[in-house]
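Values quoted throughout were computed directly from the atomic coordinates according to the rules given, and no laboratory measurement underlies them. These numbers come from a predicted model, not from an experiment. FYI the Cβ positions are ideal-geometry reconstructions off the backbone, even for glycines, and counts take in every protein chain you see.
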Amino acid sequence: MKGVESNHIEQAVRSAVENARITDVHTHLFGPQFGDLLLWGIDELLIYHYLIAETFRYIDTPYEAFWNMSKREQADLVWKTLFIDNSPISEACRGVLSVLSKLGLDVRARDLTAYREYFESKSVEEYVDLTFELIGLDCVVMTNDPFDDQERSVWLSIQGDDPRFRAALRIDPLLNSFDTSCKKLRDWGYEVDTALSESTLSEIRRFLTEWVSRMNPLYMAASLPPSFVFPEDSPRGRIIEHCVLPVCKEYGLPFGMMIGVKKLVNPGLRLAGDSVGKSDIETVERLCSNYPDNKFLVTMLARENQHELAVAARKYRNLMVFGCWWFLNNPSLVREITAMRCELLGLSFIPQHSDARVLDQVIYKWAHSKEIIADVLVDKYNDLAATGWTPTEDEIRRDVEGLFGKNFWDFIER
């Protein structure tokens, strides 16, 4: 079998990456049928919490004064502060400019009014189609919280769906604030108590089963703090053990754990006020070891956890590592982490997800990540070629298809 000539490896890799169809395995997006829950457009991009936190690095405006502004006023302030009064070199700022550029808008003009007019000329359905085609997305996996009243009402009345938007059953409130969730469950007709009696655990399993049937999710998921340990004699630990893991096993659903968020270290910033902390890898290892018939999708927020997590994935085939999440979604870290994972795991991981909360963000997050992933792959295939083993174009395409989608689907369907 004749491989690609070493001087053509880069071309073959970049072509494969550019043409790959993407499954975005974790986002906070919604399909058009969810109405206003689907965020898109320049103002939503500018008032995303990444940019809000950065803006407050420069201004003395009281937090509450900012939150009392309209969305457009907030966007105006962010634009002036980060793009006009200062050079927009952060990854979040560059992302906004990448979106505008990819859409064919003139970023040199620095004309926020013109950018708004462009988005106002689009319907949401038209813009969804454009975004998916522009970046090569096949589908995105949403974050679907049945404890959110607005989203819940949509699920209870939804007619039809868009196959490009797949569900993930998000259970943060159930695990991290059960006292509050218990009251809602009672209001919805579930016979539960805060003491987590056997009958309550049975009712929680019934709740999860009903929402699995309603949503048809690809996995169940929760964002967890750095202090998360398992097993643990706590409401969270007991619900995971007696409800989440059994239901996931019954339906063949992975349990997705996003570990390492320190919530609201600065409450004045609201969504922008969360931070990061180092987490316990032994918790992941215990789950994988003690529940070999369950599948676990795991991403961790702290850079310091990445090496241990990749090593853990070498030991447990029921563990799939995915993405460079949130504070890790910076080019220097994406490059470092992707190369390290290749060196430890070969091609048996999911290198990236967008975590997008605004539809437009998939454009820049995937454009930036694809370039970096291609760079890493070029280096790795050149290392192979130096031994005399040169990959074929078909092998390169196969590998890239795995990284950008097939690895996820194979794990889901395993």
(request) Sort out for me the Cα centre separation of the stretch 323-351 from the stretch 152-223, rounded to whole Å. (result) 32
(request) Can you tell me the FRET efficiency between residue 286 and residue 307 if r is taken as the Cβ-Cβ distance and R0 is 22 Å, rounded to the nearest 0.05? (result) 0.75
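Mind checking the dipole of the chain: about its Cα centre, +1 per Lys or Arg Cβ, -1 per Asp or Glu Cβ, Debye to the nearest 20?
Details: 46 positive and 63 negative charges, 102 e Å.
The dipole of the chain has a size of about 500 debye.
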(message) So if I place +1 on the C-beta of Lys and Arg and -1 on the C-beta of Asp and Glu, and nothing else carries charge, what would the dipole magnitude of the stretch 266-342 be about its Cα centre? I want it in debye, nearest 20.
(response) 220
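At a threshold of 8 angstrom on Cα-Cα distance, excluding pairs fewer than six apart, so keeping six or more, what relative contact order does the chain reach in percent?
On the way: 619 pairs, mean separation 95.2, N = 414.
In percent, rounded to a whole number, it is 23.
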(request) Treat every Asp and Glu Cβ in the stretch 374-414 as -1 and every Lys and Arg Cβ as +1, leave all other atoms uncharged, and give the resulting dipole magnitude about the Cα centre to the nearest 20 debye. (result) 120
(request) Could you tell me which of rounded, prolate or oblate describes the chain, using a ≥ b ≥ c as the square roots of the eigenvalues of the alpha-carbon gyration tensor, with rounded for a/c under 1.5 and, failing that, prolate when a/b is larger than b/c and oblate otherwise? (result) oblate
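Restricting to bridges with both residues inside the chain, how much of the DSSP beta-bridge set is antiparallel, in percent to the nearest 5?
Around 10 percent antiparallel, to the nearest 5.
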(message) Under the rule of at least 5 residues apart or a separate chain, name every residue whose amide H is placed under 5 Å from the amide H of residue 262.
(response) 275, 276, 277
(message) Just want the answer: with Cβ charges of +1 for Lys and Arg and -1 for Asp and Glu, which residue in 338, 87, 211 is farthest toward the dipole's positive end in the chain?
(response) 338
(request) Enumerate the helices in the chain for which the Kyte-Doolittle hydropathy averages -1.0 or more and the C-alpha atoms extend at least 27 Å along the helix's axis, using complete DSSP H runs. (result) 361-387
(request) Mind checking which of 12, 42, 62 is farthest towards the positive end of the stretch 1-100's charge dipole, using Cβ charges of +1 (Lys, Arg) and -1 (Asp, Glu) about the Cα centre? (result) 12
(request) Indicate the gyration tensor shape class of the stretch 67-118 (rounded, prolate or oblate), computed on the Cα atoms with a ≥ b ≥ c the square roots of the eigenvalues: a/c under 1.5 is rounded; otherwise a/b larger than b/c is prolate and the rest oblate. (result) oblate
(message) Can you tell me how the stretch 261-414 classifies by the Cα gyration tensor, rounded, prolate or oblate, using a/c under 1.5 as the rounded cut?
(response) oblate
(message) For the pairs 263/380; 262/295; 184/263; 315/406; 71/262, flag any whose C-alpha to C-alpha distance is greater than 30 Å.
(response) 263/380
